[in-house]
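Please read the structure below before turning to the comments.
The values are calculated or read from the model by the stated rules, or taken from the named source; none is laboratory data. Predicted, not measured: the structure shown is a model, and the values here were computed from it. Using ideal geometry, Cβ is built from the backbone for each residue, glycine included, and neighbour counts are taken over all protein chains shown. Just so you know, the surface numbers come from the protein's heavy atoms only, side chains and all, with ligands and any DNA or RNA stripped out. Shrake-Rupley method; radii C 1.70, N 1.55, O 1.52, S 1.80 Å.
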Amino acid sequence: MAVPEPSVVIESLSAKSAAAHESGLVALLKDSVDGGASVGFLPPLDPAEAIAYWQSVLIAIAKGSRLLWIAREPDRAVSGSVQLDLETRPNGTHRAEIMKLMVHSARRRRGIGRALMLAAESEARRLGRTTLVLDTRAGDTSERLYRALGWQLAGIIPRYARSADGALDPSAFYYRTLDSA
């Protein structure tokens, strides 16, 4: 099991502190999308589209419906991120969705993704969000991490997300139930 390098810091961000990391978040999203990650965008990612996306995330953080963590290096470079989208409807305040786990291509296989996931799960538990869900392209290497962390496959939907080559790829939907804090 990879352990994050001691120099990598996992940090929860407010909307204000996330704004200070905007250029690094944009670069991370561009690296992920242009490298083939299935995170809602198609390559090549226009930087303006990435900026608009992160600005929408900042709004959600400010409203209290989204949480964001980054992994950063000693030089403050963003090497990874994950989000927790908090369900706000009355019948769903016990659940949340893990969104857009990304690790920069030059920093993968070093425990950063695991550390980000554990941070998000820990905060979800603290907030009483005991049912978590996420989705990923079926067959992606990320599935191995999710299973290792105790996530259960709920099912696969065929032809769910368009890939860079135009194919419609299946998506795997996972869930994890947590004990209360």
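Only Lys, Arg, Asp and Glu count, each charged at its Cβ (+1, +1, -1, -1), so figure out the dipole size of the range 77-181 about its Cα centre, rounded to 20 debye. Walk me through the numbers on the way to the answer.
Values: 17 positive and 11 negative charges, 62 e Å.
Roughly 300 debye, rounded to the nearest 20.
Provide the percentage of antiparallel DSSP beta bridges, counting only those with both residues in the chain; round to the nearest 5. Write down the numbers at each step before the final one.
Numbers: 32 of 35 bridges.
Antiparallel bridges make up about 90 percent of those DSSP assigns within the chain.
What lysines could a cross-link reach from Lys30, if we take a straight Cα to Cα line under 20 Å and drop same-chain neighbours fewer than 8 places away?
Those lysines meeting the cut-off are Lys100.
In Å and on Cα atoms, what radius of gyration and Dmax does the range 1-71 show?
Here Rg and the maximum Cα pair distance are 13.1, 37 Å.
Just how far, in whole angstrom, is the range 56-96 from the range 125-181 if you go by their alpha carbon centroids?
17
Which helices pass in the chain if a helix is a full DSSP H run, must span at least 15 angstrom along its long axis by Cα, and must have mean Kyte-Doolittle hydropathy not below 1.0? Walk me through the numbers before you get to the answer.
Details: long enough: 22-34 (18 Å, 0.40); 47-63 (24 Å, 0.88); 112-126 (21 Å, -0.03).
Qualifying helices, which must be both long enough and hydrophobic enough, do not occur.
Per residue, what accessible area does the range 38-181 have, given a 1.4 Å probe and all protein chains present, in Å²?
Working: 7380 Å² over 144 residues.
Normalised by residue count, the accessible surface of the range 38-181 is 51 Å².
Carbon and sulfur atoms: what percent of the 1.4 Å accessible area of the range 1-118 do they account for?
Details: 3180 of 5710 Å².
It is 56 percent, rounded to a whole number.
When the dipole is taken about the Cα centre of the range 1-148, and only Lys, Arg (+1) and Asp, Glu (-1) are charged at their Cβ, what size is it in debye, to the nearest 20? Write out the running numbers ahead of the final one.
Details: 20 positive and 17 negative charges, 90 e Å.
That gives a dipole near 440 debye.
Kirkwood hydrodynamic radius, the range 122-181, all distinct C-alpha pairs: what's the number in Å?
Values: mean 1/r = 0.0798 Å⁻¹.
One over the average 1/r among Cα pairs gives 12.5 Å for the range 122-181.
Counting helices only, and only those DSSP H runs with n ≥ 4, report the 222 nm mean residue ellipticity of the chain as the sum of -39,500 (n - 2.57) divided by its residues, in deg cm²/dmol to the nearest 500. Walk me through the intermediate numbers first.
Details: 5 runs with 58 residues, N = 181.
Estimated from H runs of four or more residues: -10000 deg cm²/dmol.
Please list 3J(HN,Hα) in residue order for the range 143-154, calculated via the Karplus relation 6.51 cos²θ - 1.76 cosθ + 1.60 where θ = phi - 60°; whole Hz, with x for glycine and proline.
3J(HN,Hα) across the range 143-154, in whole Hz: 4, 4, 5, 4, 5, 5, 8, x, 6, 10, 6, 8.
For the chain, calculate the relative contact order in percent as a whole number, restricting contacts to Cα pairs under 8 Å that are 6 or more residues apart. Provide the component values of the computation, followed by the final result.
Working: 327 pairs, mean separation 37.6, N = 181.
RCO, the chain: 21 percent.
Within the chain, which is the longest segment that contains none of the trypsin sites (Lys or Arg not before Pro) sitting in a DSSP loop with at most 12 other Cβ atoms within 10 Å? Don't jump to the answer; show the numbers that get you there.
Numbers: sites that count: Arg76, Arg109.
In short, 1-75.
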